[in-house]
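The values are calculated or read from the model by the stated rules, or taken from the named source; none is laboratory data. Predicted model only: the values in this text are computed from it and were never measured. Note that we place each Cβ from the backbone using ideal geometry, even for glycine, and neighbour counts take in every protein chain shown. Note: accessible area is taken over every heavy atom of the protein model, side chains too, but ligands, DNA and RNA are not part of it. Shrake-Rupley method; radii C 1.70, N 1.55, O 1.52, S 1.80 Å.
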Amino acid sequence: MLVAMGLVWFAGALWNFQREIASLDGAALPVATFVLTGGLSAGVVFVGYRLTQSPFAPDERWSIVGWTAGGLLVTVSLHAATLSIRAAEGRPIGEPQFPLLVAGGVGALAGYGIGELLVDVRRTAAQAQQARDGTAFANSLLRHDVRNALQVILGQVDVLTTIDDERVGEATKRIESQVEGLYDLTSNAEAVTAVLTGEATPEPRNAIEDIETTVATVTESFPDATVETALHDRLVVRGTDALRPVFGNILDNAVQHTGSNPTVRVTTETADGVARIRFADDGQGIPEAQRSRIFERGVTTDGGSNGLGLHVVSTLVERSDGSIYVEDSELGGAAFVVELPIAE
């Protein structure tokens, strides 16, 4: 369709060239006009051929053809309207076919560009939606299967509790604790996915409950670590369910990257309608030159290039209308500070 349109326009350019050769003394100007009009028509032929070789579906191709024809029609109509107005005013109009050919060629190419761009945008949006649907389904399936497996494990733990043995009893408690942690992990994954896909919005929540749950989990997983807290009794902020895995990731990093027998101090304070949750450790700290980069995708706290954790943490905090940054710790290491708006 577009190839035929371009060939018709090329025939018009050739006809105009023959008229100008016959009416003008020199050949330079007719050749220049033919190069311009013929080049534009050749461009339409080229994009038409390109469209036939493209991976677009038939309906997408027809959409691009429609935009191309629409661009040609609009520009030619506008130019014809200006010529009509000039004629009505009694002004002389000479060789109107040349500007019409130029306007039509430019309009057709512009319409093609707009049509292809819109089709690409729609395809990208559809692929993104498919990816979100697939991720949501995979997460749902994973949570379902993991939780079913955990139920089986808990059933076997109930059997073990009937055995009167101190070592078995201790092992049973640890298994139950780990099962609870896995339940929390599946819930955290669900919360993170909801925020990253835009399905969750910040709501009032008590950040102290999230912090205390995180501290309890970390101290149980890392018995050699000392976690000190100085928290409000209640601190309601605007946030999502993803705040708990955010705090967990920060606290885990502080404990694991600090060395043996680490100490981490978690504190809360408020000022000017903002809550500040501070995680300070006694590790080696983070050089000031690196602090502006550690929340970028692919950057780790040790200067590597395979990190995603802090980048995702930063994204989750920002989508709770908050911010996160690093400063020096009074314990000698680094302090990660999460700022969140206090909920009214």
Considering only protein heavy atoms and a probe of 1.4 Å, how much of the accessible area of region 208-257 is carbon and sulfur, as a whole percent? 40
Residues whose modelled amide H sits under 5 Å from the amide H of GLN284, counting only those 5 or more places away in sequence or on another chain, are none
Unit-weight point scatterers at every alpha-carbon of region 226-336, Debye formula, q = 0.09, 0.10, 0.13 1/Å: log10 I(q)/I(0) is -0.22, -0.28, -0.47
To the nearest µm²/s, what D does Stokes-Einstein give for region 205-283 at 4 °C and 1.567 mPa s, using the Kirkwood radius over alpha carbon pairs as Rh? 101
Of the trypsin sites (Lys or Arg not before Pro) in region 176-274, those whose Cβ has at most 16 other Cβ within 10 Å and which sit in DSSP loop: ARG234
